[in-house]
Amino acid sequence: MKIPARFHCMHQLQALALLAALALPLPAQGVEHQHAAGATELQHHDEAAPAKPSVQATHVHPAPAASTPGVGLDEQLGTRIPLELTFRDEDGKPVRLAELITKPTVIAPVYYRCPNVCHFLQGALAQTLPQLQQTAGSDYQVLSISFDATETPEIARRNRDTYLTAAGGKVPAAGWRFLTGDPPAIMALTGAAGYRFQRVGSDFQHPVVIFVVTPDGTIVRYLHGTHILPKDLALALAEAKTGHVGTTIRKMVQYCFSYDPEQKTYVFNVLRVSATVILATLGIFLAYLIFGGHKKSKGRTL
């Protein structure tokens, strides 16, 4: 039987089409490879460029990053900081801590070039200090102390102007000082406070905390984070004035009093205290009924 020529041509065309299809790469495989190559190229580009540390990588709020065991805070309540240490004031003049810490004092370990949490911390202080009933400079002192030994008094002076302006002119310059220092003084102060930090490039990993000391330099309170409540700071300063260390008095005062930001004072919480007194009285009365009735029943059986 003779096969027509057109069938031979059709078979040849089909074979050629099949071979052409097999020779071409699959579309899905081609796209996947392209993404993989692009990802590799991007990764190499990122590695070649200098990495800018993120907020989580450069700052600790308040606990240190798990990858940096040397950063953190070991609270040293009741420990005295060395008041003989010398730092530089905003004009570059040497000043001893003993000359400044003559009253309850708030100490903020920061570095002035910090664009994130140190800025927020000092900004929170600028908002909180005018709300206190006490007056900075006469009733208490505030010290911002840089733990970056490369920072100069000029940078400290610029920070002073910035945050005193943010406080609305309600905090005198004598009440909030901005200091810089050399490595030995910095390490002695932060070491006494249990404050551990670490340089990462031009930035630092560090806890975000302020601490309050008595006129003799004894640490009575740590306040963590960038959100500083007026009542917490007022309580800490009250503890520093009386020399109390610990949480018992603070918890008791917080339970009995509420801070009124308009009056800038603590208000006695009548409802909470009254409810506590009523519940305590009921408890004593019930205990008397139970144990007193039990004793009477015993006396009758005897």
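Read the figures in this text as sums done on the coordinates, not as results from a lab. Predicted, not measured: the structure shown is a model, and the values here were computed from it. Reconstructed Cβ throughout: ideal geometry from the backbone, glycine too, with neighbour counts over all protein chains shown.
Amide H contacts of GLU151 (H built 1.01 Å from N, in plane; Pro and chain starts excluded): no residue 5 or more places away or on another chain comes under 5 Å. Derived scalar couplings between HN and Hα for the range 102-117 equal 10, 8, x, 10, 9, 10, 10, x, 9, 10, 5, 7, 5, x, 10, 5 Hz in order, rounded to whole Hz, by the Karplus curve 6.51 cos²θ - 1.76 cosθ + 1.60 (θ = phi - 60°), x for Gly and Pro.
Couplings for the range 193-205, taken from phi via the Karplus curve 6.51 cos²θ - 1.76 cosθ + 1.60 with θ = phi - 60°, read 8, x, 9, 10, 9, 8, 6, 10, x, 8, 10, 9, 9 Hz in order; Gly and Pro are left as x. Evaluating 6.51 cos²θ - 1.76 cosθ + 1.60 at θ = phi - 60° for every residue in the range 178-184, the Karplus couplings come out as 10, 10, 10, x, 8, x, x Hz, glycine and proline recorded as x. Packing, as the average of other Cβ atoms within 10 Å across residues, places the peptides 171-178, 283-290 in the order 171-178, 283-290, highest first.
Peptides 143-153, 96-106, ordered by how many other C-beta atoms sit within 10 Å of their residues on average, highest first, read 143-153, 96-106.
A simple charge model with +1 on the Cβ of Lys and Arg, -1 on the Cβ of Asp and Glu and nothing else charged puts the dipole of the range 86-164 at about 40 debye relative to its Cα centre. Each Lys or Arg adds one and each Asp or Glu subtracts one; over the other residues with Cβ under 13 Å from the Cβ of PHE211, this totals -2. Quarter the surface of the alpha carbon convex hull of the range 89-228 and you get the mean projected area, 7.5 square nanometres.
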